[in-house]
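*Asks:* Structure below; questions to follow.
Each reported figure results from applying straightforward, stated rules to the coordinates on display, with no laboratory input. Because the structure is a prediction, the values reported are computed rather than measured. Note that we place each Cβ from the backbone using ideal geometry, even for glycine, and neighbour counts take in every protein chain shown.
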Amino acid sequence: MSTETLTPEEAEGQRRARRAKRNTSIGWWVITIVVAVWCLFPVASILATSFKTPGELSNGKFLPDNPSTSNYEEILVGDSQELFLSALWNSIGISIIATLIAVVLATLCAYAIARLDFPGKKIVLTVSLMVSMFPVISLVTPLFNLWRSIGLYDTWPGLIIPYLSLTLPIAIWTLAAFFQQIPWELEQAAQVDGATPLQAFRKVIVPLAAPGVFTTAIIAFFIAWNDFVYGISLTSTEAARPVPAALAFFTGASQFESPTGAISAAAIIVTIPVVLLVMLFQKQIVAGLTSGAVKG
Amino acid sequence: MASITLKNIVKKYDDGFPAVNNVSLDIADGEFVILVGPSGCGKSTLLRMIVGLEDITSGELQINGRRMNEAAPKDRNLAMVFQNYALYPHLTVYENIAFPLRLAKDANGGGSVDEKVQRAAKMLELTEHLDRKPANLSGGQRQRVAMGRAIVREADAFLFDEPLSNLDAKLRGQMRAEIAQLQRSLGVTSVYVTHDQTEAMTLGDRVAVLKKGILQQVASPRELYEQPVNLFVAGFIGSPSMNFLPATITEGSGGTVLSTPIGDIPIPADRAAVAQGKDLVLVGVRPEFFEDATLVDEAKMPKGSVFTAELSHLEWLGHEQYGYIEFEPDEKVRRLLSDLAADMDADELRPQVVTTLSAESRVRPGRPVELWVDTSRIHIFDPESGENLTRDAEAGAELTRMAAEERERELAAARERDAQKA
């Protein structure tokens, strides 16, 4: 209806503006596709490889000619079953425990950092940052000796404790930032409404912090789940060896066959929980629950 | 219901800065007291000390005669409405209002939660919004939810921390009226912090004016307006604010005359008597004390006097008009006025006089005009101490007493209405 009243010049201007808008959105699409291909191509390649038979591995094609689930059978019910399933169990257990401990400790710590004014607050934050910057590889050798002499070598706690050193700093930093966003007044209002400090924390702060805690937990879980250096150095048997380390111990059916197919299948299986987690908690991660708490 | 007593309350921060200095205040049961002052005067700090969110450095806080300095906020049984409402974003409106009841459930147990929430929601017209989250409400509705959370508690007193400052002007006026009615119908002791003097004047039974942590004057709005104790209170209360003119008192042939930069104003000798022995005084004249001399009633004429001045410009507003007279003060007075402006958190006081003239006046700027000024109501201030030399303490006390009687009557009427309903 507005086009009727437009002069030709104005109509031309509008067309140009629309074209420019379309051009920028095309630009965004191109960038998005490039990034998606860049990130997902290796995953797709591994997925394709995991369905190849040993004979097809080096045929130079991307897709398998005769897709077969033999690799999955091998690691789930076949020869590598014992190696893979116990490693999977170790990975799940160790990562979840390390995540839980990290999140509980970090929640309390971050809450104190965000709310209280105590001497040494800066030091806590700086030290935790320094710990996360410390190269893992330089810690492995002394830990190896220490763990052997105190009996933590090749046990779950022997991995959980070093994982905490990786997950705690990041958890403290993310959670502290998150707590700082929650308005002080909410807690004060709860106290005036008759809550003890603990009740205020439990009934007001924790539900509001839930998205932040989820985000932190997922990040912490990934860190523990993806670790390789500690996993391979501080374990020696199936008692505690996690999946990333176990992959290195896969062998082919005979010494002339490479285990690439089985490793790919195992890699796909360990990627699934990560993808599932992100999809399940995407909403929680993104949702800004605090909107509307204050004027906005 | 409760009375609140503050005795020599002091709040010192770690750097030794006293945010609140030696404030004593008695708040009677059912009274609506406003704490007002420019930003940084300690009014919010004082409120937060009453509710228990700030420690009291020294002095004593009593609620119903019991010392409460050390009690935790939850044990004081006070309800507070925060400036940004502080609603719990993860709870529905219903649960927000029910929150204090759920916490207290173990403590008293009397009366069902649902019944109380529904009653508060009905009172505040929130019934249809009970299932919504605060994020989906408008500013006024959020404000009401915050009030609902306070009402449902049956707390001993309500504390308001600038509750209307986040609302737009129209809604503010409406909520102001609602708060006033609510307070009267519940008859609950209320302390209300604001920097808005309209809220202070319209809501308060008594208004406490604070400046830099020091209590200046506690009185009914009328007393503050008509009998201010000092320059600060006189300048802070009233809009447009009181004009301050430097003047010397001279005895002329026609009686006592105030020589001001805008002209000589004859005043009654008894008004001038207080300024004996001072070579310079500040004269406080409210804008509405001026009038176009041609429009003044014969009967009113003798209460004031007429002088000639020239208006620099004129603003016609329909129901009245503002005439401005500019003057050149000397350096000392200029500094005094700008200090006063800084105290009041205002922009620099321009050396000009604002006069409120009736709308039908045909005076024009740029020409000498005859202005009448009501000299029986002007105040004379000591420029050194800022003290009001012409304050009639008795007349002021009478105004506050009348306000107190008015409050008693309104509370009694509210109780009667309740009794009839029951």
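*Asks:* Could you tell me whether the range B:113-198 comes out rounded, prolate or oblate from its Cα gyration tensor? Rule is a ≥ b ≥ c as square roots of the eigenvalues, rounded for a/c under 1.5, then prolate if a/b exceeds b/c, otherwise oblate.
*Replies:* Judged from the Cα gyration tensor, the range B:113-198 comes out oblate (a/c at least 1.5, b/c at or above a/b).
*Asks:* Relative contact order of chain A, please, whole-number percent, based on alpha carbon pairs below 8 angstrom and at least 6 residues apart.
*Replies:* 27
*Asks:* Run the dipole for the range B:92-162 about the Cα centre, Lys and Arg Cβ at +1, Asp and Glu Cβ at -1, nothing else charged, and hand back the magnitude in debye, nearest 20.
*Replies:* In debye, rounded to 20, the range B:92-162 gives about 140.
*Asks:* Using amide H atoms built 1.01 Å from N in the peptide plane, name the residues 5+ places from B:Val81, or on other chains, whose amide H lies under 5 Å from its own.
*Replies:* Sorted by chain and number, the residues that satisfy this are B:Leu159, B:Phe160, B:Asp161.
*Asks:* What are the residues whose amide H is under 5 Å from the amide H of B:Leu124, where those residues sit 5 or more places off or on another chain and H is modelled from the backbone?
*Replies:* For B:Leu124, no residues qualify.
*Asks:* Using Cα pairs closer than 8 Å and at least 6 residues apart in sequence, work out the relative contact order for the range B:191-287, in percent.
*Replies:* Taking the mean separation of contacting Cα pairs over the length of the range B:191-287, I get 19 percent.
*Asks:* While we're on this one: Against the longest alpha carbon principal axis of chain B, how many degrees, from 0 to 90 and to the nearest 10, is the axis of helix B:169-186 turned?
*Replies:* For helix B:169-186, the angle is close to 60 degrees.
*Asks:* Of A:Gly194, A:Gly27, A:Gly93, which is the most mobile in a GNM of chain A whose springs link Cα atoms less than 10 angstrom apart?
*Replies:* Highest fluctuation among the options: A:Gly27.
*Asks:* Let me ask something else about it. To the nearest 10 degrees, how steep is helix B:331-343 against the longest Cα principal axis of chain B, on a 0 to 90 scale?
*Replies:* Taking the Cα atoms of chain B, the angle to B:331-343 is about 10 degrees.
*Asks:* Okay, moving on. Kindly identify the range A:74-286 as rounded, prolate or oblate by the Cα gyration tensor criterion: order the square roots of the eigenvalues as a ≥ b ≥ c, call it rounded if a/c is under 1.5, otherwise compare a/b with b/c, prolate if a/b is larger, else oblate.
*Replies:* prolate
*Asks:* A further question on this structure: Too long at a 28 Å Cα-Cα cut-off: which of B:Lys170/B:Lys421; B:Lys116/B:Lys421; B:Lys105/B:Lys133; A:Lys203/B:Lys133; B:Lys43/B:Lys170; A:Lys203/B:Lys7?
*Replies:* B:Lys170/B:Lys421; A:Lys203/B:Lys7
*Asks:* Follow-up question, since we're still on this one. Taking the range B:236-312, which trypsin sites (Lys or Arg not before Pro) meet the DSSP loop condition and have no more than 13 other C-beta atoms within 10 Å?
*Replies:* Passing both the DSSP loop test and the Cβ count: B:Lys300.
*Asks:* Let me ask something else about it. Given Cα pairs under 8 Å that are at least 6 residues apart, what percent is the relative contact order of chain B?
*Replies:* 16
*Asks:* Please figure out what share of the DSSP beta bridges in chain B is antiparallel and state it in percent, rounded to the nearest 5.
*Replies:* For chain B, the DSSP antiparallel bridge percentage is about 75.
*Asks:* Which of these, B:Ala71, B:Ala28, B:Ala247, has the largest mean-square fluctuation under a Gaussian network model of chain B (Cα springs below 10 Å)?
*Replies:* Looking only at B:Ala71, B:Ala28, B:Ala247, the biggest GNM fluctuation is shown by B:Ala71.
*Asks:* Compute the distance from the alpha-carbon center of the range B:346-422 to that of the range B:40-69, in whole Å.
*Replies:* Going from one Cα centre to the other spans 31 Å.
*Asks:* Please compute, for peptide A:200-212, the average count of beta-carbon atoms on other protein chains lying within 10 Å of each residue's beta-carbon.
*Replies:* Taking all residues of A:200-212 together, the mean is 2.
*Asks:* Here's something else I'd like to know. Going by amide H atoms built from the backbone, whose H comes under 5 Å of the H on B:Ala2, apart from near neighbours?
*Replies:* B:Gly30, B:Thr189
*Asks:* Of all DSSP beta bridges in the protein assembly as shown, what percent run antiparallel (nearest 5)?
*Replies:* The antiparallel fraction comes to roughly 75 percent.
*Asks:* If you don't mind, there's one more thing I want to ask. Taking the 0 to 90 degree range and rounding to the nearest ten, how far is the long axis of helix B:93-104 tilted relative to the main principal axis of chain B, both from C-alpha atoms?
*Replies:* 70
*Asks:* I'd like to verify something in chain A: which complete DSSP H helices, judged by Cα projection on the helix axis, reach 15 Å or more and average at least 0.0 on the Kyte-Doolittle scale?
*Replies:* Counting only whole DSSP H runs, the qualifying helices are A:8-50, A:81-115, A:121-133, A:136-150, A:156-181, A:206-226, A:260-286.
*Asks:* Which of B:Thr256, B:Thr356, B:Thr294 moves the most in a Gaussian network model of chain B with Cα springs under 10 Å?
*Replies:* Judging by the Gaussian network model, the answer is B:Thr294.
*Asks:* Here is a further query. Could you list A:Phe178, A:Phe222, A:Phe228 so that the one with the fewest beta carbons within 10 Å of its beta carbon is first and the one with the most is last?
*Replies:* Ascending number of Cβ neighbours within 10 Å: A:Phe228, A:Phe222, A:Phe178.
*Asks:* Counting Lys +1, Arg +1, Asp -1, Glu -1, what net charge surrounds B:Leu164 among other residues with beta carbon under 11 Å of its beta carbon?
*Replies:* Neighbourhood net charge equals -4.
*Asks:* To continue, here is another question. Roughly speaking, what is the stretch gain from A:Leu47 to A:Val229, that is 0.36 nm per residue apart minus the C-alpha to C-alpha distance, in nm to one decimal?
*Replies:* Net length gain for the segment: 63.1 nm.
*Asks:* Follow-up. Which is the longest part of chain A that has none of the trypsin sites (Lys or Arg not before Pro) sitting in a DSSP loop with at most 14 other Cβ atoms within 10 Å?
*Replies:* Answer - A:62-294.
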